[in-house]
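Chemist: Sending over a structure as structure tokens; questions will come in a sec.
The values are calculated or read from the model by the stated rules, or taken from the named source; none is laboratory data. A quick note: this is a predicted structure, and the numbers were derived from the prediction, not measured. Neighbour counts run over all protein chains shown; Cβ positions are idealised from the backbone, glycine included. In case anyone asks, the SASA skips ligands and DNA or RNA and just uses the protein heavy atoms, side chains included. Shrake-Rupley method; radii C 1.70, N 1.55, O 1.52, S 1.80 Å.
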Amino acid sequence: MSLPLSLLLFLGLGAVAGVLAGLLGIGGGLVLVAALAWLLPLMGVPQEAAMHAALASSLASIVLTAAASARAHHRRGSVLWPTVAWMVPGLLLGGWLGSGLAVRIDDGVLRWIVAGYCLLAAAQMAFGRRRPQRPDGTPPPRGLGMSVAGTGIGALSAVVGIGGGSMTVPLLVALGTAPVRAVGTSSACGVAIGFASAAGYALHAPPGALPAHAVGYVYLPAAIGVAAASVLAAPYGTRLAHYLSGETLRRVFAGFMVLVGISLLLGG
């Protein structure tokens, strides 16, 4: 597949990822990982490195995607910045450690891990126990516990190639946060996860991990093309999120992850 055609495909993926970032607070990482795992071998990436490259490229693009989504949510007052501040140190540490672990895992095993994670997270969001939302004016979640949670979220996010929304959103909702605010806060957290994890995949990768146009496992045409389009598309997903009810967001979130998990299993 030619590089210009590849870039067009990556731009299209970026538009979808951007809308999902704003709508679900996930940075589009799950759909990107599934799509890139299919596409990258057609572009010269060795099959045995395709899953690592998909994860790394998704996480690199998430930095700008999540930033655009967080900016749009901030304008609508739906980012809990005190919560973000407590979570960021753990997210950075976890992202770095998780990417270091992922580069040592076999490509096929990684595919099953990501697919299984998608299905479990979908079940949790669809059927998990819910707590009442906190009244307006209640202080947002904060404290050392949020930092510890951030470490775990960052590490697992690096292994499955996402911005952490499928963990951060349920956590905040369980703590009583309104779903739309949980999505906005998750978007801001995704910037830290994407940065630390992508750096880890770039620096932990063995020499010559990908043949060309790459830094470590980060395939640059994919990361750049997706990020460029997703930044423009994220605000549209944010607008949609503010028009949908919290229950509808939960159902969309769960259904989306089931589809991605099945896609990855079929692609294995």
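Chemist: Where does helix 144-160 land angle-wise versus the long Cα axis of the chain, in degrees 0 to 90, nearest 10?
Modeler: 30
Chemist: Quick check: at a probe of 1.4 Å, how many percent of the accessible area of the chain sits on carbon and sulfur atoms? Mind showing how you got there, number by number?
Modeler: Numbers: 7630 of 10880 Å².
Of the solvent-accessible surface of the chain, carbon and sulfur hold 70 percent.
Chemist: Multiply the residue gap between Leu232 and Leu266 by 0.36 nm, knock off their C-alpha separation, and tell me the result in nm, one decimal place. Spell out each step's value before the answer.
Modeler: On the way: separation 34, 0.36 × 34 = 12.24 nm, distance 3.10 nm.
Net length gain for the segment: 9.1 nm.
Chemist: In terms of modelled amide H atoms, which long-range or inter-chain residues lie less than 5 Å from the amide H of Val215?
Modeler: Distant-sequence amide H within range of Val215: Leu220.
Chemist: Additional query: Using 0.36 nm per residue, how much length does the chain from Phe127 to Ala174 gain when fully extended, once their Cα-Cα distance is taken away?
Modeler: Details: separation 47, 0.36 × 47 = 16.92 nm, distance 1.22 nm.
Here the answer is 15.7 nm.
Chemist: Moving on to the next point. Of the peptides 67-79, 47-59, how do they stack up when ordered by the mean number of other Cβ atoms within 10 Å, highest first?
Modeler: Sorting 67-79, 47-59 by mean packing, highest first, produces 47-59, 67-79.
Chemist: In degrees from 0 to 90, rounded to the nearest 10, what is the angle of the helix 29-39 Cα long axis to the longest principal axis of the chain?
Modeler: Once rounded, the angle reads 20 degrees.
Chemist: Provide Met257, Met43 ordered by accessible surface of protein heavy atoms (probe 1.4 Å), highest first.
Modeler: Values: Met257 0, Met43 30 Å².
The ordering from most to least exposed comes out as Met43, Met257.
Chemist: So who's got an amide H within less than 5 Å of the one on Leu80, skipping anything under 5 residues away but keeping other chains? H placed 1.01 Å off N, in plane.
Modeler: Under 5 Å from the amide H of Leu80: Thr185.
Chemist: In a GNM of the chain with a 10 Å cut-off on Cα contacts, which of Val231, Val159, Val148 has the highest mean-square fluctuation?
Modeler: Of Val231, Val159, Val148, the Gaussian network model singles out Val148 as fluctuating most.
Chemist: Next question. Of [x] 264; [y] 121; [z] 98, which one was derived for volume of the Cα convex hull per residue in Å³ from the structure shown?
Modeler: Here volume of the Cα convex hull per residue in Å³ agrees with entry [z].
Chemist: Right, next: Please work out how much accessible surface Tyr236 shows to a 1.4 Å probe, ignoring ligands, DNA and RNA, in Å² rounded to 10.
Modeler: Accessible area of Tyr236: about 140 Å².
Chemist: Related question: Once you put a point 7 Å from the Cα of Arg239 and another 7 Å from the Cα of Ala212, both along the Cβ direction, what distance in nm separates them?
Modeler: Distance between label points: 4.0 nm.
Chemist: Answer with one residue from Val19, Leu5, Val109: the one whose Cα lies farthest towards the positive end of the charge dipole of the range 1-113, charges on Cβ with Lys, Arg +1 and Asp, Glu -1.
Modeler: Among Val19, Leu5, Val109, the one farthest towards the positive end of the dipole of the range 1-113 is Val19.
Chemist: Shifting gears a bit: If packing is taken as the average count of other Cβ atoms within 10 Å, what order do 6-14, 163-171, 206-214 fall into, highest mean first?
Modeler: The peptides rank, most packed first, as 163-171, 6-14, 206-214.
Chemist: Could you state the angle between the C-alpha long axis of helix 179-204 and the longest principal axis of the C-alpha atoms of the chain, as a value from 0 to 90 degrees rounded to the nearest 10?
Modeler: Result, in degrees: 30.
Chemist: To the nearest 500 deg cm²/dmol, what mean residue ellipticity at 222 nm is calculated for the chain from DSSP H runs of n ≥ 4 alone, each contributing -39,500 (n - 2.57), summed and divided by the residues?
Modeler: -26000 deg cm²/dmol
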